[in-house]
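Each remark here refers to the structure printed beneath this line.
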Amino acid sequence: MTEELFATDAYLRSFEAAITEVDREAGRVALARTAFYPGGGGQPHDLGTLDWGSGPVAVTKVKREAGRIWHWLDSAYLPAAGTGLAGEIDWSRRHLLMRTHTALHVLCGVVWSEFAIPVTGGNMEPGSGRLDFPLESISAELGKRLETRINDELAAARAVVVEFLGRDAADADPALIRTAANLIPREIDPLRVIDIVGLDKQADGGTHVASTAEVGAVRVTGTESKGKGNKRVRIQVVDAHS
């Protein structure tokens, strides 16, 4: 099992680890510990480099498989299992994804507060993302209202807290029940929970900033109907290049 450093410290940019397995055919290595997020929940995997003494090598893909986190490398040569190395995250990209992910959770909280409906799907790239909701209708006017509400919540500088809750406690938490955490397989225990204090609480494996103020500001860039009872809201982090 790979120790998932990103799960407890999203701000960790560099780390040291040992290679535990090598898959030469696929051009990838598994590590004993990693700060690279492997993707999931709509958040893309991290990029960055690994260096085992011959200079940094680009990590082009990261994925979790059966408890291991594999790192695909842009190198014809792969070192042996047991080799120590240093990892470095592409921080500008990661931090923008953290801001984007937290902004999407704020959107979830705002929609819940107005309509008492959960999110049904979503996806993101650095600086932009979208969420789907079982709304009966949607309009540009609603998009502008959501944008105002989101930015008010961001400016409120709400704390974003990572918690690990046992399944019994999680299944009894009304905030988590309404985000369908009870549908997550029982063998996942404890659940990692992201709590935007006073606004939104979800079981979530991704990386987030520590305060909504760190997101900056958001613009709603589109509202779409994807069919009956399925409406999409697109957002962008306005100062995505700062």
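Before moving on, here are some points about what is shown:
- With Cα atoms, 0 to 90° folded angle of helix 91-115 axis to the chain main axis: 30
- Listed residues Pro174, Val110, Leu78: farthest to the positive end of the dipole of the stretch 77-183 (Cβ charges): Leu78
- For Cα Rg over 2.2 N^0.38 Å, computed directly from the structure shown, the correct entry in (1) 1.08; (2) 1.00; (3) 1.13 is (1).
- In straight-distance terms, cross-link reach from Lys144 covers every one of the lysines whose alpha-carbon lies under 23 Å from its own, apart from those fewer than eight places away in the same chain; here that gives Lys226, Lys228, Lys231.
- Cut-off 14 Å between beta-carbons: net charge of the residues surrounding Leu12, Lys and Arg +1, Asp and Glu -1: -4
- Choice from Arg192, Arg99, Arg145 with maximal GNM fluctuation in the chain (Cα, 10 Å cutoff): Arg145
- Cα shape, the stretch 1-44, gyration tensor, a/c 1.5 rule: oblate
- Remark: the chain carries a charge dipole of roughly 640 debye about the Cα centre, counting +1 on each Lys and Arg Cβ and -1 on each Asp and Glu Cβ.
- Only Lys, Arg, Asp and Glu carry charge here, each on its Cβ (+1 for the first two, -1 for the last two); on that basis the stretch 119-242 has a dipole of about 500 debye about its Cα centre.
- Taking the centroid of alpha carbons for each part, the stretch 49-97 and the stretch 185-224 are 26 Å apart.
- Here is the list for the stretch 1-35: trypsin sites (Lys or Arg not before Pro) lying in DSSP coil, each with at most 10 other C-beta atoms within 10 angstrom of its C-beta, are Arg24.
- GluC sites (Glu not before Pro), loop per DSSP, at most 15 other Cβ atoms within 10 Å - longest free stretch of the chain: 26-135
- For the chain, accessible area per residue (1.4 Å probe, heavy atoms of protein chains only), Å²: 45
- Rounded tilt (10° steps) of 140-155 against the dominant C-alpha axis of the chain: 60
- Prolate/oblate/rounded label for the stretch 164-235 (Cα gyration tensor, a/c 1.5): oblate
- Charge context of Ala86, other residues only, Cβ under 14 angstrom, K/R +1, D/E -1: -1
- Structure remark: mean-square fluctuation, Gaussian network model of the chain, C-alpha springs under 10 Å; the largest value among Val215, Val160, Val197 belongs to Val197.
The values are calculated or read from the model by the stated rules, or taken from the named source; none is laboratory data. Bear in mind the structure is a predicted one, so any value in this text is a computation, not a measurement. Positions of Cβ are backbone-derived with ideal geometry, glycine not excepted, and every protein chain shown enters the neighbour counts. Side chains are part of the model used for accessible areas, which takes the heavy atoms of the whole protein and leaves out ligands, DNA and RNA. Shrake-Rupley method; radii C 1.70, N 1.55, O 1.52, S 1.80 Å.
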